[in-house]
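Here's the structure, in structure tokens; my notes come after.
The values are calculated or read from the model by the stated rules, or taken from the named source; none is laboratory data. Since the structure is predicted, the reported quantities are computational estimates derived from the model, not experimental observations. Cβ coordinates were reconstructed from backbone atoms using ideal geometry, including for glycine residues, and neighbour counts include every protein chain displayed. Side chains are part of the model used for accessible areas, which takes the heavy atoms of the whole protein and leaves out ligands, DNA and RNA. Shrake-Rupley method; radii C 1.70, N 1.55, O 1.52, S 1.80 Å.
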Amino acid sequence: MHFSTGDKPKIKVLDETLINKIAAGEVIERPASVVKELVENALDAGAENISIELEEGGLRLIAIHDDGVGMLGEDLELAFTRHATSKLAKADDLFNILSFGFRGEALPSIASVAHVKAISRVKERDSGSEIEIDGGRVKGLKATGCPVGTSIIVSNLFYNTPARRKFLKSPRSELSRITDLVTSYAVGNFDVGFKISHNGRELYNFPPAAKLYERIIAIYGTDDIEKFLPLPGTDEGMFNQPGSILGYITHPVMAKSRSNETRFFVNFRPIMSRTLLAALRAGYHDKLAPNLYPPTAIFFNILPRDIDVNVHPAKTEIRFKNESELFPKLKRLVEHALKSGGVLTELSLNTDEAKPSGNGTQFIHAKRGNDFSKRTDMQESLYKGGFKEYGESSETAPSRESDIEKDGVDIHSGIEKPHESTEQRMWQFMDSFIVVPLKNSMLFIDQHNAHERILFEAAMENLDSGKGATQQMLFPISIDLTPGEFAIWNEYSEVLNRLGFETSEFGGHSILISGIPAEMDDKAPESALRRILDDFQEGGEFKDDPFKSIAASFACHAAIKAGQKLQYEEMEQIFNKLFACQEFNLCPHGRPIIARLTSQEVEKKFNRHVPIRD
Amino acid sequence: MKFTISKDKLNSLVQKVLNIVPVRSTLPVLSNILLEADKDKVKMRATDLDVAITSELEADIKNKGSLTVPGRMFADLIRELPEGDVVITGVDKRIEVKSERGLYKIAGISADEFPRFPKIDFTDEVKIDTDVIKGMISKSIFAVSRDETRPALNGILWKCEEGLLTMVATNGHILAKVEQSGLDVKGIEKGVIVPPKALEYFSKLSVDAPDEIGLVFAADNLVLNLDNTILTTRLIDGPYPNFEQVIPKEHSKRAVFDKDEFLALVRRVSILSNNITHQIKLVFGAESIEAMATNYDIGGEGRDEIAMDYQGEELEIGYNANYLLEIMKHVETDQAVMEFTTGTAAAVIDSISHPENQDYCFLIMPLRLAE
């Protein structure tokens, strides 16, 4: 293709509006990015109360009002000019950043992809100013009456960048991103009041709190408050003290499948850091499953010169100068908090050391209310004796198994049926795999993936037919949901009911679980339900098919986990049910369920001559 | 340490404490049994840090002393020894076991490393009939929850007020309550939660226990005193859910039927129930209970009925068959009673009469049928 057809030069300096549009691409990805920039500006302006109005997940309207210092008319106009910022005057200052926003990109970027109106007043003046910007062009500045502070109204976001609009998720999913984000700022700035409403309905209202603890209660409710464990010194903590690490972690039972509530703050700014996450995990030792994240609110006060926040335009990644010191420090604090909370004992901390000092142990010294590792031993002995009859009563051979029996080999996968025998014919390996020796091979069945598949097929059937049976509970469980979770519950409670959950509204953001799907393992139904809601905040796994998503999510969270000891009857049950499934090679997420080790492979390891088989 | 004792006595002593020795432990010394020779008695102790046992027998003590030995190996050895006297000697950190013609040596761990047992104050001890307490435990223990996320439900609630001892266990779907009057256990007016392990073991031990056992609640522990053997268990932190509130007081429907016929009915029909949910549907009609189950996976269904004496409107309720069977096994009379009001609330299952001084009942929540 020819580059030019005439004599006009083709390379031009971009005009300001276009530069802003490009910059917006980096900073303004979705409605949540707008909210983030505007909330940060409001906090930098010293706001004590911030209220956020949203419509259609922020796509139609984002309006943020604060009672901060406000701006003069001329500053207001300048604020929408690129790289204009009141927060940074010379290059040196970049290394001493304490305020949230500093690039001066935010407002012009937003204004280039939306209709923006800004109204502001400083307390020294009797009237405020109003400015309107449309597609990056200032349309007029006029005086107006308004309270002290700033309001920024952003409407029709991405109206002039249809490509960007296409990449957005549903308004519901954008909304849950925003509520997540604002909740993070609300934790990090607990002394500031936050209010948020969507389509005219108030989602939450957190009044300014004197202590982090109060804000956590406002968000999580009082039900689970004893599961929040303070890091040492938090209760009387001075959050402004340089070098301090304060805040709360949570009991492992609170852990979630998403990391959005695992919050870290550096100088009150929410950040992400793999290093900190790794240190947090290390502190939990083996009490935290690798795919779960505990809700936390951990505040680091670090001298500005020891961090570099200018790594990423969205400013969520942060670089520490002394990462190697930070890691062990955080790990120790987490261990300490877990020990005080009775989650970790000296014993479990010492497991990797050869021999704990013997004379330090005492019989039943303290109440160890929640030490699960100990409790399992106790449970086992009870259920070995007491619950044997459970397995006996209703084991029936599913149809698929009889198919397998016919010719010894199943046509679908070449899997043979185990020898008929009264002896034990399967074992558990690493508390995670069911091992079944067959005539010419050995099967390894991933217990979690297998159970997931079984539950998934049962759930799909229940959803299709509405046949889900509900085991009702003597003691209904009330749970306080986060605003985001509650919104999802509201939308999907009917589907959840078809699945077999019996839930009802219980005031505020609480719901009452009075029945659970009969297929479900009885353990902690409330956390399984929560995780299902969390998955949906992300929009679900199968975008096109909400039933499939909810069934997959239910199956994943209700299935027995890897690392869980199984009784023989339970293994048999999983084995039999698995081969009664329509598909038994892959779990709903596409991971394999069965691995097979053939006799040839084993013989090879022993350098045997492989006999010729017919 | 040196003492002589007959093989049979030694064996019975070792077997008593062996059950408490944990199979796996992060603390090596817990796999050991502590032997103590003192005055005219030999004592053995074992613990898994939740439950502790101390058992003692008279023996011919030559030298006092103490040492721990690997529990299982020691027990195996003693069991296989020939009849006759056995001489046990502690030499440094090894134990020597001498039978008539044999000599065995096992390395142990110093007694100092064994967890210290709490001193027990027996002043508040109450004596209770062994069979009574055993019966109460057996009627409630089956309902204990397995869900570790609700520690309080992992044990049996014991509560004693004005001479009435109550035991309650629940897993959230079924509940068992047993009451025995004429008992005065001190210190548990507000209720304590006893983990099932020690109680299970007590039930096993009590075959050759004295007619009466001693009970003491002290310092977050329950102590069961069986004369020569003392079982101690830690308690679980509460609070226990408010069970009184969920036991329905009034019922509009009452069914009386033959317990064995009902058990057989449920067993038969549940063979064709869904083998995950174990759902069975009961239809209470004027003169019969009809039971139905469907298993779509295998394309099976079953329907059967037994005669019954029923007062109330016809009603259809779903239940988990396993829970029904489990509860019915503990109904002691030939006739069983089932009372309820709606198909979505707890039903009360009871025997037609109760032994003197005792009262019990069971609750079961429906497995709601989808419309």
Item to check | Residue list for the stretch B:311-329, restricted to those being more than 12 Å from every other protein chain (Cβ to nearest Cβ) and open to solvent by 30 Å² or more (accessible area, probe 1.4 Å) | outcome: B:Q311, B:G312, B:E313, B:E314, B:L315, B:E316
Item to check | Failed item, numbered, when A:I516 is tested on (1) at negative phi; (2) surrounded by fewer than 22 Cβ atoms within 10 Å (Cβ to Cβ) | outcome: (2)
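Could you please let me know if B:A59 is more than 16 Å from B:K2 (Cβ to Cβ) and among the aliphatic types (A, V, I, L, M)?
no
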Checklist outcome for this item: Within the stretch A:172-183, the residues that are of a type in the set (S, T, Y) and surrounded by 22 or more Cβ atoms within 10 Å (Cβ to Cβ) are A:S176, A:T179, A:T183
Checklist entry - Going by the structure shown, is A:E485 assigned to a helix (DSSP H, G or I), closer than 30 Å to A:L203 by Cβ, without any contact (Cβ under 8 Å) to a residue 40 or more places away in the chain and more than 12 Å from chain B (Cβ to nearest Cβ)? => result no
Checklist entry - Got a number for residues in the stretch B:4-34 being open to solvent by 30 Å² or more (accessible area, probe 1.4 Å) and either in contact with a strand residue (DSSP E or B) (Cβ under 7 Å, 6 or more places away or on another chain) or within 13 Å of chain A (Cβ to nearest Cβ) (or both)? => result 10
Checklist entry - Would a scan of the stretch A:113-133 turn up a residue that is touching a residue at least 60 places away in the same chain (Cβ under 8 Å), farther than 30 Å from A:G247 by Cα and outside any helix (DSSP H, G or I)? => result yes
Item to check | Residues of the stretch B:237-263 satisfying the condition of being within 14 Å of chain A (Cβ to nearest Cβ) and without any contact (Cβ under 8 Å) to a residue 24 or more places away in the chain | outcome: B:N242, B:E244, B:Q245
Checklist entry - Does the stretch B:35-80 hold any residues that are within 14 Å of another protein chain (Cβ to nearest Cβ) and open to solvent by less than 30 Å² (accessible area, probe 1.4 Å), and which are they? => result B:A46, B:T47, B:D48, B:L49, B:D50, B:V51, B:A52, B:I53, B:T54, B:L67, B:T68
Checklist entry - If you go through the stretch B:330-371 one residue at a time, how many are more than 8 Å from chain A (Cβ to nearest Cβ), out of contact with any Leu (no Cβ under 8 Å at 6 or more places or on another chain) and open to solvent by less than 10 Å² (accessible area, probe 1.4 Å)? => result 6
Checklist entry - Any idea which residue in the stretch A:434-465 is farthest from the other protein chains (Cβ to nearest Cβ), counting only those that are open to solvent by 20 Å² or more (accessible area, probe 1.4 Å) and of a type in the set (G, A, S)? => result A:S465
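Within the stretch B:287-306, which residues are among the small types (G, A, S), away from every other protein chain (no Cβ under 13 Å) and farther than 11 Å from B:A255 by Cβ?
B:A291
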Next on the checklist: Can you tell me how many residues within the stretch B:37-81 are under 29 Å from the mean Cα position of the chain (by Cα), assigned to a strand (DSSP E or B) and not basic (K, R)?
Outcome noted: 14
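Rundown of residues vs (1) touching a helix residue (DSSP H, G or I) at 6+ places or on another chain (Cβ under 7 Å); (2) within 22 Å of B:I349 (Cα to Cα); (3) of a type outside the set (K, R), yes/no style:
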site: B:D131; (1), (2), (3): no, no, yes
site: B:M136; (1), (2), (3): no, yes, yes
site: B:S140; (1), (2), (3): no, yes, yes
site: B:D147; (1), (2), (3): yes, no, yes
site: B:R150; (1), (2), (3): no, no, no
site: B:L153; (1), (2), (3): no, yes, yes
site: B:N171; (1), (2), (3): yes, yes, yes
site: B:G187; (1), (2), (3): yes, no, yes
site: B:G191; (1), (2), (3): no, no, yes
Checklist outcome for this item: In the stretch A:436-474, anything without any contact (Cβ under 8 Å) to a residue 40 or more places away in the chain, out of contact with any Asp or Glu (no Cβ under 9 Å at 6 or more places or on another chain) and over 24 Å from A:E519 (Cα atoms) is listed as A:P437
Checklist outcome for this item: Of A:R263, A:R201, A:R269, the only residue that is under 30 Å from A:E56 (Cβ atoms), surrounded by 19 or more Cβ atoms within 10 Å (Cβ to Cβ) and out of contact with any helix residue (DSSP H, G or I) (no Cβ under 6 Å at 6 or more places or on another chain) is A:R269
Checklist entry - Are any of the residues in the stretch A:272-286 in contact (Cβ under 8 Å) with a residue 40 or more places away in the chain, assigned to a loop (DSSP other than H, G, I, E, B) and open to solvent by 10 Å² or more (accessible area, probe 1.4 Å)? => result yes
Checklist entry - Any residue in the stretch B:167-189 that is part of a helix (DSSP H, G or I) and open to solvent by 10 Å² or more (accessible area, probe 1.4 Å)? => result no
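Taking the residues in the stretch B:232-280 that are basic (K, R) and either in contact with a Phe, Trp or Tyr (Cβ under 8 Å, 6 or more places away or on another chain) or part of a loop (DSSP other than H, G, I, E, B) (or both) as candidates, determine which candidate is surrounded by the most Cβ atoms within 10 Å (Cβ to Cβ). Give the derivation first.
From the stretch B:232-280, those basic (K, R) are B:234, B:249, B:253-254, B:259, B:267-268; that's our starting set.
Within this subset, residues satisfying the condition of being either in contact with a Phe, Trp or Tyr (Cβ under 8 Å, 6 or more places away or on another chain) or part of a loop (DSSP other than H, G, I, E, B) (or both) are B:249, B:253-254.
Details: B:K249: 6, B:K253: 18, B:R254: 15.
In this case the residue turns out to be B:K253.
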Checklist outcome for this item: Of (1) closer than 20 Å to B:L175 by Cα; (2) in contact (Cβ under 8 Å) with a residue 24 or more places away in the chain, A:E526 fails just (1)
Checklist entry - Can you name the residue in the stretch B:202-215 that is open to solvent by less than 90 Å² (accessible area, probe 1.4 Å) and more than 14 Å from chain A (Cβ to nearest Cβ) and is also farthest from B:T130 (Cα to Cα) among such residues? => result B:L215
